[in-house]
Amino acid sequence: MNECIFCKIVAGEIPSNKVYEDDEVVAFMDINPANPGHTLVVPKKHFRNLLDIDEGTAAKVMEAAVKVAKAIKKALNPDGLNLFHASEKAAFQTVFHFHIHVIPRWEGDDLVEPWKPKKGDPERIAETAAKIREAMG
Ligand code: AMP
Ligand code: ZN
């Protein structure tokens, strides 16, 4: 039996505030909003995260995220928006069904930057790039 909470939301088995739905994607309000309008965009099919989802479905989710972002701008007129995604616990994933957070932002709201930029070692950056290029195949 599927215990995934987002699969249950997709199936309408538990309540949610849906704002968008098409053949492959659903968007609904986060129950613990970082800011008013915080919306989650999910594929209807279950994928664990970015390391599991296929590129075609991910593209559909992203298309819906753009639509949601524009609707949030129209409805709530935020000063900006963030997209956020977590893959695995180390990256703060808590619900293991792929989702993108669309978070409206207002100047002076109480959200904080996830990292402070600090100068990288150019040699190390280049070495890391080479490893990733190699892995791209
Ligand atoms: P993450 O930590 O990136 O995996 O995000 C999971 C998000 O799902 C959190 O922001 C939760 O507030 C949200 N969430 C968990 N359960 C529900 C639910 N039943 N309805 C709406 N959002 C939920
Ligand atoms: Zn699921």
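Only the coordinates and a few stated rules stand behind these numbers; no lab work does. Note that this is a predicted model, so its numbers are computed, not measured. Backbone-built Cβ (ideal geometry, glycine too); neighbour counts: all protein chains shown.
Worth pointing out:
- Taking the empirical scaling 2.2 N^0.38 Å for compact globular proteins as reference, segment 63-108 has a Cα radius of gyration ratio of 1.31.
- Positive minus negative residues near ALA59 (Lys, Arg vs Asp, Glu; Cβ under 14 Å): -3
- Environment charge at ASP23 (Cβ cut-off 10 Å; Lys +1, Arg +1, Asp -1, Glu -1): -1
- Filtered trypsin sites (Lys or Arg not before Pro), segment 84-133: DSSP coil and at most 13 other beta carbons within 10 Å: LYS118, LYS119
- Computed over segment 5-136: relative contact order in percent, which uses C-alpha pairs under 8 Å that are six or more apart: 24
- Take the Cβ atoms of ILE14 and ALA129, set R0 to 35 Å, and the FRET efficiency comes out at 0.20.
- Here is the size of segment 5-136 from its Cα atoms: Rg then Dmax, 16.8, 52 Å.
- Computed from Cα positions, the angle between helix 122-136 and the longest principal axis of the chain comes to roughly 60 degrees.
- Segment VAL95-LYS70, extension gain: residue separation times 0.36 nm, minus the distance between their alpha carbons: 6.5 nm
- Here the simple spin-label model places points 7 Å from the Cα toward Cβ, and for LYS45 and LYS118 these points are separated by 4.2 nm.
- Report summary: the helix-based calculation at 222 nm, which adds -39500 (n - 2.57) for every DSSP H run with n ≥ 4 and divides by the residues of the chain, gives -10500 deg cm²/dmol.
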